[in-house]
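Data first, discussion second: the structure below is written as structure tokens.
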Amino acid sequence: MTHPAFDDEDEAPLDPATERLQKKLRRLVLVSGLIMMLGLIAVFSVIVYRVVKSDSTEMRDIPANIEALVEDPLTGDIVSTSLDGRHLAVTFRTDAGLKVLVIDLDTADVLRRVTLTGTRD
């Protein structure tokens, strides 16, 4: 193992056509590698940009009193709430069934009122 046998010394030189072909292939591999690297850089930069960009996570001033937004006060329990970037959906359990209010957080207006009624078997 101290004296490995290399057969490089016995190799004949390439003819000029083969050398040109070898240079073309090296250039092609280099260009392909550069294009691949540029593509990977573009993909990762878009991923980082979308992670860093935080339009939907801005803090908004949300009215603390939901009852003030509703003309007719609801009696019942709040079952659930769901917050989107611009809308708040509040689900109330009333005597008539479930009532869902969709509130716009920018204008503090009630956009939709949905009453869910039904019977259980």
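The values are calculated or read from the model by the stated rules, or taken from the named source; none is laboratory data. This structure is a prediction, so every number in the text was calculated from the model and none was measured.
At pLDDT 70 or above, under 28 Å from the mean Cα position of the chain (by Cα), not assigned by the TED database to the domain that holds I103 and not in a loop (DSSP other than H, G, I, E, B): is that true of V48 in this structure? Against the criterion (at pLDDT 70 or above, under 28 Å from the mean Cα position of the chain (by Cα), not assigned by the TED database to the domain that holds I103 and not in a loop (DSSP other than H, G, I, E, B)), V48 qualifies. Output the number of residues of the stretch 1-20 satisfying the condition of being among the small types (G, A, S) and modelled with pLDDT under 90. Total satisfying the criteria: 2.
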